[in-house]
1. So if I check each of TRP105, TRP64, which one is surrounded by 17 or more Cβ atoms within 10 Å (Cβ to Cβ), among the aromatic types (Phe, Trp, Tyr) and under 17 Å from PRO267 (Cβ atoms)?
2. Hey, any hits in region 100-121 for a residue that's assigned to a loop (DSSP other than H, G, I, E, B), closer than 22 Å to ASP159 by Cα and within 15 Å of the chain's Cα centre (by Cα)?
3. From ALA60, ALA10, which residue is away from ligand 1 (no atom under 14 Å from the Cβ), of a type in the set (Gly, Ala, Ser) and either modelled with pLDDT of 95 or more or out of contact with any helix residue (DSSP H, G or I) (no Cβ under 9 Å at 6 or more places or on another chain) (or both)?
4. Can you tell me which residue is nearest to PHE182 (Cα to Cα) among those in region 217-247 that are within 16 Å of ligand 2 (Cβ to nearest atom) and not aliphatic (A, V, I, L, M)?
5. If I filter region 170-191 down to residues being exposed (fewer than 14 other Cβ atoms within 10 Å of the Cβ) and not small (Gly, Ala, Ser), which single residue comes out as nearest to ligand 2 (Cβ to nearest atom)?
6. If you scan region 257-278, which residues turn out to be within 14 Å of ligand 1 (Cβ to nearest atom), surrounded by fewer than 16 Cβ atoms within 10 Å (Cβ to Cβ) and not hydroxyl-bearing (Ser, Thr, Tyr)?
7. Looking only at region 61-98, count every residue that is more than 17 Å from the chain's Cα centre (by Cα), β-branched (Val, Ile, Thr) and not in a helix (DSSP H, G or I) and tell me the total.
8. Just give me the residues in region 77-129 being without any contact (Cβ under 8 Å) to a residue 12 or more places away in the chain and within 16 Å of ligand 3 (Cβ to nearest atom), in sequence order.
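The values are calculated or read from the model by the stated rules, or taken from the named source; none is laboratory data. Since we're looking at a predicted model, the values are computed, not measured. Using ideal geometry, Cβ is built from the backbone for each residue, glycine included, and neighbour counts are taken over all protein chains shown.
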Amino acid sequence: HAKSCGKNNAKLYSSSLTMQIMSHVQLEVGLRKALQNDELYLLYQPQIAVASTRIVGVEALVRWRHPERGIISPTEFIPLAEETGLIVPIGEWVLRTACRQAMDWQVLGQRPLRVAVNLSAKQFKDENLTQIVLSALHDTGLPAHLLELELTEGTLMDDARATMVTLEQLRGIGVYLSIDDFGTGYSSMNYLKRFNVRALKIDKSFISGLPQDSENAAITRAIIAMAHGLKLAVVAEGVETGEQLVLLEEYGCDLAQGYHLGRPSPPEIIAQMLGDGAAAAIAAS
Ligand code: C2E
Ligand code: MG
Ligand code: MG
Ligand code: MG
């Protein structure tokens, strides 16, 4: 009996494994076509100056509208895009689309807005990266200082020597560089001092327990103090409550981003927020 039971289990297991592999392969096949089929789109999340509550920038966050599966989160398909190398053409599309959008907001009579784009490790290592960034800026007309590129600690520390060269090239173009999800990876303080970045984004895992979580409060304050000592700006990610915003202001945090200040939104909504001012955006969220 045990044997037949085991056999059944094996069969069940293998069929569900087949399903998993199938859906993985299908997802990959789908992702290959997603760009040409216009299934990718960007949402933009406002970044707000804590002291003035003005919107100073937005972060572009990609979404995939899958014909059968509905909307798929980047946490699900970006790793697949990395594995397959599809992140390079997808990343280039994101970059160009975000730059063009930033220009469109300006043309609508809005004030200049910085747009942040996430770069994955594979894109950062691509030898054509600076050329891709330059041509996106050139073709859209966006001034380089209005483009922010977000890199993670893992990306930067992987090959610190090569990183230094690439960062210098990007800084040479004049783009704004920041470290995303700061505190979740491993950064050498020695390199942090030498990497020519402008801002640290404190990971949302440190912000989410505030103000009650005294350990995360200590970490947040320490990151802000260190960043300011290094003359870097600090962005708090994942700000979900007014209490958190008040605390961050007390700590001297420069910028904040999170559901309390605005969800990732389509371009029209951002245009509206710019028109109404950040205060209205906060009131509405
Ligand atoms: P990230 O760059 O750290 O982006 C912040 C994530 O936190 C976004 O998730 C955003 O929607 C979410 N978020 C914002 N405010 C809050 C909040 O108050 N509470 C909580 N719980 N979450 C908040 P999203 O859009 O699902 O993106 C997830 C990750 O996928 C991003 O993390 C980024 O690493 C990656 N990603 C997104 N778009 C791109 C892209 O165009 N290229 C690359 N390479 N990666 C991307
Ligand atoms: Mg980011
Ligand atoms: Mg982040
Ligand atoms: Mg990230």
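1. The match here is TRP105.
2. Quick first cut of region 100-121, residues assigned to a loop (DSSP other than H, G, I, E, B) only: 108-113, 119-120.
Applying the additional criterion that residues be closer than 22 Å to ASP159 by Cα yields 119-120.
In the following step, the residues that additionally are within 15 Å of the chain's Cα centre (by Cα) were identified as 119-120.
Yes.
3. On the way: ALA60 fails: away from ligand 1 (no atom under 14 Å from the Cβ).
One residue alone meets the criteria, ALA10.
4. Among those residues, the one meeting the criterion is GLU237.
5. Applying the first criterion (exposed (fewer than 14 other Cβ atoms within 10 Å of the Cβ)) to region 170-191 yields 172, 174, 186, 188-190.
Then drop every residue that is not not small (Gly, Ala, Ser), which leaves 186, 189-190.
Numbers: TYR186: 18, MET189: 22, ASN190: 24 Å.
So, considering only residues that are exposed (fewer than 14 other Cβ atoms within 10 Å of the Cβ) and not small (Gly, Ala, Ser), the one nearest to ligand 2 (Cβ to nearest atom) is TYR186.
6. Selection gives ARG263, PRO266.
7. Residues meeting the conditions: 1.
8. Initially, region 77-129 is screened for residues without any contact (Cβ under 8 Å) to a residue 12 or more places away in the chain, giving 79, 83, 106-107, 109, 127-128.
Listed by number, the list holds a single entry, PRO79.
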